[in-house]
1. Report yes if Arg189 is of a type in the set (D, E, K, R), within 16 Å of the ligand (Cβ to nearest atom) and either part of a helix (DSSP H, G or I) or surrounded by fewer than 12 Cβ atoms within 10 Å (Cβ to Cβ) (or both), otherwise no.
2. Can you spot a residue in segment 74-94 that is within 14 Å of the ligand (Cβ to nearest atom), assigned by TED's automatic domain parsing to the domain that holds Ser11 and loosely packed, with under 13 Cβ neighbours inside 10 Å?
3. If you take the residues of segment 97-118 that are surrounded by fewer than 21 Cβ atoms within 10 Å (Cβ to Cβ) and over 19 Å from Phe142 (Cβ atoms), which of them is nearest to the ligand (Cβ to nearest atom)?
4. Name the pairs: first residue in segment 86-114 and of a type outside the set (A, V, I, L, M, F, W, C), second residue surrounded by 21 or more Cβ atoms within 10 Å (Cβ to Cβ) and in a loop (DSSP other than H, G, I, E, B), Cβ to Cβ under 6 Å, at least 6 apart or on different chains?
5. Out of the residues in segment 109-128 meeting the condition of being part of a helix (DSSP H, G or I) and more than 14 Å from Ser166 (Cβ to Cβ), tell me which one is farthest from the chain's Cα centre (by Cα).
6. Looking only at residues in segment 198-225 that are of a type in the set (D, E, K, R) and surrounded by 11 or more Cβ atoms within 10 Å (Cβ to Cβ), which one is farthest from Gly45 (Cα to Cα)?
7. Name the single residue, out of those in segment 37-47 being within 17 Å of Ala17 (Cβ to Cβ) and out of contact with any Leu (no Cβ under 8 Å at 6 or more places or on another chain), that is surrounded by the fewest Cβ atoms within 10 Å (Cβ to Cβ).
8. Answer yes or no as to whether Ile48 is at negative phi and touching a residue at least 60 places away in the same chain (Cβ under 8 Å).
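The values are calculated or read from the model by the stated rules, or taken from the named source; none is laboratory data. Owing to the predicted nature of the structure, the values given are computational and were not obtained by experimental measurement. As a convention, Cβ positions derive from the backbone with ideal geometry for all residues, glycine included, and neighbour counts pool all protein chains shown.
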Amino acid sequence: MYVWKASLAASEQAVAACRENLSPEERQRADRYVFPEHRRRFIVGRGILRTLLGRYLGVPPGGISFDYTKFGRPFLANEDIQFNVSHSGDMALYGFVRNANIGIDVECIRPISAMEIAARFFSPKERESLELIPERLREAAFYRCWTRKEAYLKARGLGLQTPLGSFTVSLEAESPALLSVEGVPDEPRRWNFVNIDVGANATGVVVFSGAAREVLKHTISGGDV
Ligand SMILES: CC(C)(COP(=O)(O)OP(=O)(O)OC[C@H]1O[C@@H](n2cnc3c(N)ncnc32)[C@H](O)[C@@H]1OP(=O)(O)O)[C@@H](O)C(=O)NCCC(=O)NCCS
């Protein structure tokens, strides 16, 4: 399985090259963004996704046609390759795997009221664990918890109608894992969590189903499209 890290910062020329490969619907979506930097991130993000999928499938980037689940997740019909994308600011992560479910998440670390947000979104066990962590280390632990929850939800493909407090992930840096899911005792055994190193000011994680696999990591930029 492969994880690609990308910067969505790109020259005007690279943005134009990415846009060339988008479908009419994607171009319309790009045009709906009010802020130019959001538009640029979407165009470059999709351009890179199309380039990577094109390489894996042996087709030109512009020849890829996405379907969408009712929760908005893009996927490829009639292909065994599964992928997921996450972006935060100018950073993006892409995960690709064959014959497994996959979810990925990256978040740039910004100052937040960790305990207040945890009170709304985390499970009682996650809140307890967070409270026991010394304050100077709490923000990093909060982001580990948040990205693990998000990546797991994305791997399930469900979106946010799943109550966020109904499942518990680990908070420790070195042992990312799903610890429990209400009413589904076997669920944690189905999923692998792997930390993705995205530098000191961000947190990244990929989640995939089935047997453990080696995660091969690469980087790409808008200029490579
Ligand atoms: C849409 C959602 C799946 C992810 O949103 P997000 O964290 O804002 O965004 P990310 O950058 O990580 O992921 C967005 C990408 O995931 C993919 N995606 C969209 N819907 C998806 C879904 N239901 N499942 C999996 N992937 C999805 C898309 O490729 C999307 O990129 P695109 O818009 O460029 O096509 C959803 O979980 C959400 O709205 N989350 C809000 C954040 C939150 O409250 N998290 C709580 C964690 S404790």
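1. Numbers: of a type in the set (D, E, K, R): yes; within 16 Å of the ligand (Cβ to nearest atom): no; either part of a helix (DSSP H, G or I) or surrounded by fewer than 12 Cβ atoms within 10 Å (Cβ to Cβ) (or both): yes.
For Arg189, the condition - of a type in the set (D, E, K, R), within 16 Å of the ligand (Cβ to nearest atom) and either part of a helix (DSSP H, G or I) or surrounded by fewer than 12 Cβ atoms within 10 Å (Cβ to Cβ) (or both) - is not met.
2. No: zero hits.
3. Only one residue tops the list, namely Asn101.
4. Asp90/Leu8
5. Per the criteria, the residue is Glu128.
6. Among those residues, the one meeting the criterion is Arg213.
7. Residue satisfying both the conditions and the ranking: Arg39.
8. Working: at negative phi: yes; touching a residue at least 60 places away in the same chain (Cβ under 8 Å): yes.
Taking the combined requirement at face value, the residue satisfies it.
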